[in-house]
Amino acid sequence: MPSNRLIRGFMTVGLWTMLSRVLGFVRDIFIAAALGAGPVADAFVVAFALPNMFRRFFAEGAFNTAFVPMFSKKVEAQDEARAFAQDALTGLSFVLIIFTVISIFAMPWLVLAMASGFAGDARFDLTVLYGRIAFPYILFISIAALLSGVLNALGRFVAAAAAPVLLNVMFVAILSFGLWQGWDPGLTLVWTIPFAGVAQMALLWVAARRAGFTLLPRRPKWTPELRRLAIIAAPAALAGGVVQVNLLVGRQVASYFEGANAWLYYADRLYQLPLGVVGIAIGIVLLPDLSRKLQADDTLGGQQAISRAGEICLALTVPAAVALIVIPDALVSVLFERGAFSETDSAATALACAIYGLGLPAFVLQKVLQPLFFAREDTRSPFRYALVAMVVNAGIAIGLAPVIGFIAAAWGATLAGWAMVALLWFGSRGMGDAAQPDTRFWDRSWRIILASLVMGAVLWGADAVLHDILRLPTWRYLALAALIAIGGVAYAVAGQALRAFTLSELKGSLRRSE
């Protein structure tokens, strides 16, 4: 994939992900207003996290990490890619059906593993009920993730990027209808989860069929390709398990502070917007592209791909991180403070948001660096690095919780993220020129950081001027829009003046096609 096509792929996935995340904000605004940060909100957050945790472990994590490079190389070599994808789909479905049934029966123990602080109060039984309803989502969304991997490897990014939009649309529509009908909001939300999974799976199956890959389950069989897939996926599965342990540590710490799981969830939603738009887009497009370039021995193409991915990552996430650090109160209060979500909830969420902001560039840089290993079918090194990051996270989150409270979980995640980036960076140094960023990347990096700091100073001043208006119910949305616009203009002007980027390059990449 030429450089401009690579950038177009980033933009396609990024724009659809942006739409999904904006709708996700609308969803979370509805949820915050309906549930606040009380027991029902805590139960819903943990129940929704359960299938998503294992989904990242089985599908988007270990399985797709191994599957996408293998499938991409088969597509490049025209080597029975469809049969391989169909066998992978069958194997994944077989394992997940068994796992889902076992997990539904074992839900009380899973809830204790996620949030032992719930034991002995009303949140525990509610979370068990919600978890049993929501858990089948893992089967449907994992199959959807595999179908997304097929489409992304074929260079068809639209359907895979658009599928998450369905989840948020269904949440907003069904919750609105349920509130109008007087339904229980917690049950309404949790029942929406598995149905949204079915909708996403159906959309991607149709898209794969149109791309020439009609994938249907068949009798499971253990082929040499699946054996190799399992061997490659095993270390990635362990690494995925380590990542989930990090999440578990954070939720366990938060479960001992009432409302903390909800505060961390809403803060997570804010930093997930730039992380999703940039990091996920880069990871989705870069992995199959690097895999194809390695198959073709295209060293220069690999270097350009990783350099442009890193450049885009910094240009979009460093200013977003600065904004999360400088104006978290404005963002949280305007977006979430209404109904059952109080000013106290806003203050706690804003603090977590600022700390996550410090880690945002690290979370995105991981998406740039990990494909260097995965494209080479090296899943063992990231596993070893993830183990170190897990120790960092657990030590900080658990060790500091008695001193600084729930916010220790956010600090643990942020510092562990930077530890992981450092390990990935040094671990990739022996991969040759294809893993070395070019001169343009290094030249523009410091300029991007400086332009972002200028934007941060402007935002800080604008926030002070608009502070009172941001608290007025009638004007706060307009004031926040103005604040964001001021920051965007400041960054664009500073970036152009410092030659951190040129807008003409971005426009050109969107216009050109092969």
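For the range 167-191: of the residues being over 19 Å from the mean Cα position of the chain (by Cα) and among the polar types (S, T, N, Q), which is surrounded by the most Cβ atoms within 10 Å (Cβ to Cβ)?
In this case the residue turns out to be THR188.
Filter the range 335-394 down to the residues that are among the small types (Gly, Ala, Ser), more than 26 Å from ALA262 (Cβ to Cβ) and in a helix (DSSP H, G or I) and list them by number.
Scanning the range 335-394 gives SER381, ALA386.
Cβ-Cβ below 8 Å, separation at least six or inter-chain, first residue in the range 418-432 and more than 18 Å from VAL318 (Cα to Cα) and in contact (Cβ under 8 Å) with a residue 12 or more places away in the chain, second surrounded by fewer than 18 Cβ atoms within 10 Å (Cβ to Cβ) and among the β-branched types (Val, Ile, Thr): which pairs?
LEU423/VAL388; GLY432/THR299
Just for the range 472-514: of the residues that are hydroxyl-bearing (Ser, Thr, Tyr) and outside any helix (DSSP H, G or I), which one is modelled with the highest pLDDT?
So the residue we want is THR474.
Kindly provide the set of residues from the range 146-166 that are under 20 Å from ALA47 (Cα atoms) and in contact (Cβ under 8 Å) with a residue 60 or more places away in the chain, ordered by number.
Answer for the range 146-166, where residues must be under 20 Å from ALA47 (Cα atoms) and in contact (Cβ under 8 Å) with a residue 60 or more places away in the chain: just PRO164.
Go through the range 97-143 and report how many residues are without any contact (Cβ under 8 Å) to a residue 40 or more places away in the chain, closer than 15 Å to VAL40 by Cα and among the β-branched types (Val, Ile, Thr).
Result for the range 97-143: 1.
When ALA230 is evaluated against the numbered criteria (1) buried (at least 19 other Cβ atoms within 10 Å of the Cβ); (2) modelled with pLDDT under 70, which criterion, by number, is the only one it fails?
Every condition holds for ALA230 apart from (1).
Are any residues in the range 141-166 at pLDDT below 75, surrounded by 22 or more Cβ atoms within 10 Å (Cβ to Cβ) and either aliphatic (A, V, I, L, M) or part of a helix (DSSP H, G or I) (or both), and if so, which ones?
Listed by number, the residues that qualify are ASN152, ALA153, ALA160, ALA161.
Are there any pairs, at least 6 apart or on different chains, whose C-beta atoms fall under 8 Å, with the first in the range 446-457 and within 18 Å of ALA362 (Cβ to Cβ) and the second not in a helix (DSSP H, G or I) and not polar (S, T, N, Q), and if so, which?
Filtered contacts from the range 446-457: ILE448/ALA500; ILE448/PHE501.
Hey, among LEU264, LEU248, LEU238, LEU215, which residue is modelled with pLDDT of 65 or more and over 30 Å from ALA32 (Cα atoms)?
Within the list LEU264, LEU248, LEU238, LEU215, the selection yields LEU215.
Let me spell it out: the conditions are (1) at pLDDT 90 or above; (2) surrounded by fewer than 18 Cβ atoms within 10 Å (Cβ to Cβ); (3) over 17 Å from ALA320 (Cα atoms); (4) of a type in the set (Val, Ile, Thr), and ILE469 meets all of them except one. Which number is the exception?
(1)
Show me the helices (runs of 4 or more DSSP H) found entirely inside the range 45-121 where at least 1 residues are at pLDDT below 70 and hydrophobic (A, V, I, L, M, F, W, C).
Result: 64-77.
Of all the residues that make up the range 336-358, how many are touching an Asp or Glu at 6+ places or on another chain (Cβ under 8 Å), farther than 22 Å from ALA416 by Cα and among the hydrophobic types (A, V, I, L, M, F, W, C)?
Total meeting the criteria: 2.
Of the numbered conditions (1) farther than 21 Å from ALA362 by Cα; (2) at pLDDT 90 or above, ALA422 satisfies every one except a single condition; which is it?
ALA422 satisfies all of (1) farther than 21 Å from ALA362 by Cα; (2) at pLDDT 90 or above except (1).
Within the range 299-334, track down each residue that is polar (S, T, N, Q) and either free of Cβ contacts under 8 Å to residues at least 60 places away in the same chain or not in a helix (DSSP H, G or I) (or both).
THR317 - this is the single residue of the range 299-334 that is polar (S, T, N, Q) and either free of Cβ contacts under 8 Å to residues at least 60 places away in the same chain or not in a helix (DSSP H, G or I) (or both).
Please verify whether the range 15-31 includes one or more residues that are hydrophobic (A, V, I, L, M, F, W, C), under 20 Å from ILE141 (Cα atoms) and modelled with pLDDT under 70.
yes
The values are calculated or read from the model by the stated rules, or taken from the named source; none is laboratory data. Quick caveat: nothing in here was measured; it's all calculated off a predicted structure. Neighbour counts run over all protein chains shown; Cβ positions are idealised from the backbone, glycine included.
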